[in-house]
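Reviewing the structure listed below.
The values are calculated or read from the model by the stated rules, or taken from the named source; none is laboratory data. This is a predicted model, so every value here is computed, not measured. Virtual Cβ from ideal backbone geometry, glycine too; neighbours counted across all protein chains shown.
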Amino acid sequence: MAFTGKRRIKTIGKSIQVKQMIFVKRLIKTLGLSFFSSKTITTTSTTSGCVPSGYLPVYVGWNRVRFLIPTGFLKFPIFMFLLDKAYEEFGFKFSGGIVLPCEVEFFKKLFKLLQKDEKRYASLKVDEILNILVSDHMI
């Protein structure tokens, strides 16, 4: 049976979501993480090897600036998108942390937005987050 139009797009969309969930589950299993929601968001980049429980080091940009993010962020659509892009670029290789292929300034502004109101912005789709960042002249 051939898929056409909206049905094909839905099928492709579900396939992408399944790939993202598999990636996140492998990540959780590999790193031994657990999800939780954080009321305060750590935006401080650090070079220390110490990672507090419930946080994950990620490396952003060409210079691999290190940030600690709450593991709960991994389930947000914007982070699922970034993880998918990381998978496309680097595969399932875990060599010291996840590298997110985006600009450091974009990542900092995304953090600022989530810090402003995590509950409000966490569930927004990627295009909605980008629209907010553009309309607020954050990017």
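The condition of being assigned to a loop (DSSP other than H, G, I, E, B) and at pLDDT 65 or above does not hold for residue 37. Residues in the stretch 113-126 that are surrounded by fewer than 17 Cβ atoms within 10 Å (Cβ to Cβ), under 14 Å from the mean Cα position of the chain (by Cα) and assigned to a helix (DSSP H, G or I): 126 alone. For the stretch 56-77, the set of residues classified as of a type in the set (Phe, Trp, Tyr) and either assigned to a loop (DSSP other than H, G, I, E, B) or at pLDDT 90 or above (or both) consists of 59, 62, 67, 76, listed by residue number. For the structure I just gave you, tell me whether residue 110 is of a type outside the set (Phe, Trp, Tyr), in contact with a Cys (Cβ under 7 Å, 6 or more places away or on another chain), surrounded by 14 or more Cβ atoms within 10 Å (Cβ to Cβ) and in a helix (DSSP H, G or I). Criteria not met by residue 110.
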